[in-house]
Amino acid sequence: MLQRPSPLDPSRKVSILGFGGVRLPVKSGNLGSQKDPVDYETASRYVDYALAHGINWFDSGYHYHNGDSERFFGHALSRHPRESFWFCTKAPPWDITTLADAKRIFEEQLKKCRMSYFDCYELHSLCREEDYERTFVKTGAIEYYKEEKAKGRIKHLGFSFHGRPEFLQRILDEGWAEIVTILINGKDWKGVNCSSDLYKLIEKHNLPVVVMEPLCG
């Protein structure tokens with residue numbers, strides 16, 4: 001069965017397979033390029049095909065395709081009813097040094113994506129505890145995202161993770177996250193990214209997991 005009730009919102013169904021926006025078709029045909037312009041016509045056909053066949057989870061990020069991934073999804077998904085899909089994008093830690101940065105980027109993302117809310121909004125690529133502390137905690141960005149969640153402009157708040165289990169444990173214990181994206185594939189499950197250990201921690205907190213790079217990218 002391609003869709004099932006979402007653990008985030010049982011009243012809505014979510015597809016088991018998602019549609020990632022980090023490697024969209026580009027006009028040059030250079031698959032995987034982050035510099036070449038996205039081929040909106042071809043990629044839009046992919047989105048339409050996905051929705052027609054039950055895939056309704058779409059994922060992007062502020063820097064994917066030099067920022068064009070979010071813009072593309074704004075174009076492609078605005079042609080479909082908002083309630084027919086889930087959309088997740090991410091806050092870029094590399095660009096946030098102040099609370100004003102976090103606010104400006106969030107507003108920019110909503111505008112680019114042509115949406116009034118995000119189903120999921122994740123802190124992108126958390127790796128080191130000191131970077132998380134500097135970027136999201138000391139700036140007040142975490143509290144800001146909680147406020148946006150209370151307003152309904154973020155339905156569910158989470159993060160994508162590339163760090164050590166000890167750091168993951170700290171974030172999970174803080175209690176604000178509702179969903180986590182991690183690497184799960186044959187290489188990383190028992191490899192340097194220790195995905196099996198990360199998954200066990202997330203499972204103990206009873207949070208849903210989004211699988212990143214199931215085929216090792």
Next item on the list: Name the residues whose placed amide hydrogens come within less than 5 Å of the amide hydrogen of Glu122, ignoring near sequence neighbours (fewer than 5 apart) on the same chain.
Entry: Thr89, Lys90, Ala91, Gly158
Check: Given just the C-alpha atoms of segment 36-88, how large is their convex hull per residue in cubic angstrom?
Finding: 68
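Tell me, what % of the accessible area of the chain is carbon and sulfur with a 1.4 angstrom probe?
Percent of accessible area from carbon and sulfur atoms in the chain: 53.
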Next item on the list: Please give the net charge around Leu172, taking every other residue with its beta carbon less than 12 angstrom from that of Leu172, where Lys and Arg add +1 and Asp and Glu add -1.
Entry: -2
Notebook entry, point to check: What translational diffusion coefficient, in µm²/s and rounded to a whole number, does the Stokes-Einstein relation yield for segment 13-148 at 37 °C and a viscosity of 0.692 mPa s, taking the hydrodynamic radius as the Kirkwood radius over Cα pairs?
Noted result: 211
Note to self: Can you order the peptides 108-119, 68-79, 168-179 by their average number of other Cβ atoms within 10 Å per residue, highest first?
What the structure shows: 68-79, 108-119, 168-179
Notebook entry, point to check: Given the chain, what percent of its DSSP beta bridges are antiparallel, to the nearest 5?
Noted result: 15
Next item on the list: Quick one: accessible surface of Thr135, probe radius 1.4 Å, all protein chains present, in square angstrom to the nearest 10.
Entry: 10
Margin query: Whole percent per 5 Å bin, from 0 to the bin with the longest distance: what is P(r) over all C-alpha pairs of segment 116-217?
Written below: 3, 13, 24, 24, 19, 12, 5, 1, 0
Check: Within the chain, which cysteines find no other Cys whose Cβ is under 4.7 angstrom from their own?
Finding: Cys113, Cys127, Cys194, Cys216
Next item on the list: Grab the DSSP H runs of the chain that are 4 residues or longer, score each as -39,500 (n - 2.57), total them, divide by all residues and round the 222 nm result to the nearest 500 deg cm²/dmol.
Entry: -10000 deg cm²/dmol
Check: If you average the sequence gap of Cα pairs under 8 Å that are 6 or more apart and divide by the length of the chain, what percent do you get for the contact order?
Finding: 13
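The values are calculated or read from the model by the stated rules, or taken from the named source; none is laboratory data. Since we're looking at a predicted model, the values are computed, not measured. Because the Cβ atoms are built from the backbone with ideal geometry, glycine has one as well, and the counts that use them run over all protein chains shown. The area values use the complete protein model at the heavy-atom level, side chains included, leaving out ligands, DNA and RNA. Shrake-Rupley method; radii C 1.70, N 1.55, O 1.52, S 1.80 Å.
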